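Take a look at the structure below.
The values are calculated or read from the model by the stated rules, or taken from the named source; none is laboratory data. Not measured: the values here are computed from a predicted model. Backbone-built Cβ (ideal geometry, glycine too); neighbour counts: all protein chains shown. Just the protein is used for accessible areas: all its heavy atoms, side chains included, with ligands, DNA and RNA removed. Shrake-Rupley method; radii C 1.70, N 1.55, O 1.52, S 1.80 Å.
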Amino acid sequence: LLEKYRTRNGVINAAHAATVEAMDANIGRVLAALEKAGATQRTHVIFTSDNGGNRELVAPLNGAKGSLYQGGLRIPAVIRGPGIPGGRRSRNTILSMDWFPTVMELANIKPAPGTKPDGASLVPILHGKTSSLARDLFWHFPCYSGGKPSSAIRSGDWKLIEFFESKTVELYDLAKDPGERHDLATEEPERAAAMLAKLHAWQETVKAPRPTDPNPAYDPASVRGRGRPPGERGGNRKNRQTPNAAKP
């Protein structure tokens, strides 16, 4: 497969293209096996990812794996199973942690008494009982890994990113600017302040680390080039761990 894409015009990353085809073929094998076993009406199949991809593969979104821009956050999320109408799309933004309570509800398993999952069950959306989940969403990544130590909140189509070391924020209207090119923080100061207050309240609730001082030992050249253009990729991995930041 690799040679097939190495010789094809217009392919940006031959290894990525070959991997996608191999994955597609093998997912097809899994679905075919379920059909043959007569298990499709009692099996849910979920396809998703843990984070965004390399910069050249997620364009025109901003950022990439390791950042809190959309290029680092937007991922595929597909589910097939009994009771879920086929061919339907949803614009709801969900989190990876939503899958646990979703699978629990689909399997008719109740959470243990006194426990509350971090995510929200997607079953009402999947079964058409509601069109959206009204909630604020949060991301926290206080380390160097393709981005700067930061935290983010999304309320509807509005998203605010707080950068700890520079003590600055960026605000985007994702409905009009999905590529996050136009920072509206200075144009919408009241909205930015309100969202930042919500973000800080959430950080306090979960006791999220907030490293406000730059790490003097941090060397950008030592960080692997996650999503960075080939010419910008660093060398060795020395000093990659930062003492003032939590692990992702």
Fill in the blank from the handout: Phi-derived 3J(HN,Hα) across region 80-95 with the Karplus relation (6.51, -1.76, 1.60, θ = phi - 60°), rounded Hz, x for Gly and Pro, is 10, x, x, x, 10, x, x, x, 9, 10, 10, 8, 5, 8, 10, 10
Practice task
List the pair-distance distribution P(r) of the chain, using every Cα-Cα distance, as the percent of pairs falling in each 10 Å bin from 0 up to the bin containing the longest distance, rounded to whole percents.
Solution key: 6, 23, 31, 26, 12, 2
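Which GluC sites (Glu not before Pro) in region 138-208 sit in a loop by DSSP (not H, G, I, E or B) and have at most 13 other Cβ atoms within 10 Å of their own Cβ?
Working: sites: 162, 165, 170, 180, 187, 190, 204; in loops: 165, 180, 187.
Listed in order of number, the matching sites are 187.
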Exercise for the section: Roll a 1.4 angstrom probe over the protein heavy atoms and tell me the percent of accessible area of the chain that is carbon or sulfur. Expected result: 54
Problem - Pairs beyond 28 Å (Cα-Cα), from 148/198; 36/110; 167/198; 148/176; 116/159; 36/65 - result: 36/110; 36/65
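How about region 1-79: which GluC sites (Glu not before Pro) there are in a DSSP loop, with at most 16 other Cβ atoms within 10 Å of their Cβ?
On the way: sites: 3, 21, 35, 56; in loops: none.
Here no loop site has a sparse enough neighbourhood.
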Handout entry: ³J(HN,Hα) computed for each position of region 152-165 - Karplus, 6.51 cos²θ - 1.76 cosθ + 1.60, integer Hz, glycine/proline x
Key = 9, 10, 10, 10, x, 8, 9, 9, 10, 10, 9, 9, 5, 5
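Quick check on the chain: helices-only [θ] at 222 nm, where DSSP H runs of length 4 and up contribute -39,500 (n - 2.57) each and the sum goes over total residues. Nearest 500, please. Write down the numbers at each step before the final one.
Working: 7 runs with 67 residues, N = 248.
That comes out to -8000 deg cm²/dmol.
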Problem - Label-point separation, residue 167 to residue 202 (7 Å along Cα→Cβ), nm - result: 2.3
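At most 13 other Cβ atoms within 10 Å and a DSSP loop assignment: could you name the trypsin sites (Lys or Arg not before Pro) in region 129-215 that fit? Show your work: numbers first, answer last.
Working: sites: 129, 135, 154, 159, 167, 176, 181, 191, 198, 207; in loops: 129, 135, 167, 176, 181, 207.
Sites meeting the loop and neighbour criteria: 129, 135, 167, 176, 181, 207.
Among the helices of the chain (complete DSSP H runs), which have Cα atoms covering no less than 20 Å along the helix axis and a Kyte-Doolittle mean of at least -0.5? Walk me through the numbers on the way to the answer.
Working: long enough: 14-37 (35 Å, 0.50); 189-206 (26 Å, -0.14).
Qualifying helices: 14-37, 189-206.
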